[in-house]
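Worksheet for the structure shown next.
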Amino acid sequence: MRTITNLKTLLLMGSVLFATHIFCYSPPDFQTQCVTLNTDGYIVLKVWSPRKGNKYKLNQARKDAVKAVLFAGLGGGGNCTSQSPLLNSADERDKFHQIHKSFFSRNGDWLMYTNSSNVNYDAKGNRIYEISVSKEQLRKNLENQEIIKKLNHGF
């Protein structure tokens, strides 16, 4: 009887945690599209926010481009092949969480990995930025901080 009660309690707690995760999770406030993958380790992305529209600021678009490379990866299409996120595992994301606040602060390290080229507007007046992200340098920084393993790890 006690085992059944413990099992019911565990199932109830799991259901509550699962429901909390679903309702607390919010999808990103931005969208990205890969434009090109350059041989020098740079990725050029289009970044925009349908919700913010023409109030979407350049620095936020630059941060969002880095977040896409770190956490979401990129779909293929056009001149791009699909790209996995740099932070592939829960362990890597947990390690990055330790530096997240300082990394994305106003003058944080994220600034070193982005350049912007231009801004366009869609038919609805939304700002669409083209942002260049140095994926290679970002990856090296994460390796040096031992957040992700080096590409040659295990060889």
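Here are a few things to note about the model shown:
- Within straight-line cross-link reach of LYS55, lysines at Cα separation under 19 Å, skipping those fewer than 8 residues along the same chain: LYS46, LYS63, LYS124
- Amide H contacts of LYS52: none lie under 5 Å away among residues 5 or more positions distant or on a separate chain (H built 1.01 Å from N in the peptide plane; Pro and chain starts excluded).
- The HN-Hα couplings worked out from phi for segment 79-84 by the Karplus form 6.51 cos²θ - 1.76 cosθ + 1.60 (θ = phi - 60°) are 8, 10, 9, 4, 10, 6 Hz, whole numbers, x standing for Gly and Pro.
- Taking θ as phi - 60° and the Karplus parameters 6.51, -1.76 and 1.60, the scalar couplings of segment 94-111 work out to 5, 5, 5, 4, 5, 10, 3, 4, 6, 4, 9, 5, 3, 10, x, 4, 3, 4 Hz in sequence order, x denoting glycine and proline.
- One way to sum up the overall shape of segment 28-144 is the equivalent ellipsoid from its Cα gyration tensor, whose semi-axes run 23, 17, 13 Å, largest first.
- Spatial separation of Cα centroids for segment 56-83 and segment 91-128, in angstrom: 9
- Neighbours of ASN107 by Cβ distance under 13 Å: Lys/Arg scored +1, Asp/Glu scored -1, total +3.
- Note that segment 47-63 has calculated 3J(HN,Hα) couplings of 10, 8, 10, x, 6, 7, x, 7, 8, 6, 8, 4, 4, 5, 4, 5, 4 Hz, one per residue in order, obtained from phi through the Karplus relation 6.51 cos²θ - 1.76 cosθ + 1.60 (θ = phi - 60°); glycine and proline are x.
- Amide H contacts for ILE148 (H built 1.01 Å from N in the peptide plane; partners 5 or more residues away or on another chain; cut-off under 5 Å): GLU143.
- Full-extension gain in nm, TYR121 to LEU151, via 0.36 nm per residue minus C-alpha separation: 7.0 nm
Laboratory data are not the source of any read-out in this text; all were calculated from the coordinates shown. None of these values were measured; they are calculated from a predicted model. No Cβ is skipped: glycine too gets one built from the backbone with ideal geometry, and neighbour counts run over all protein chains shown.
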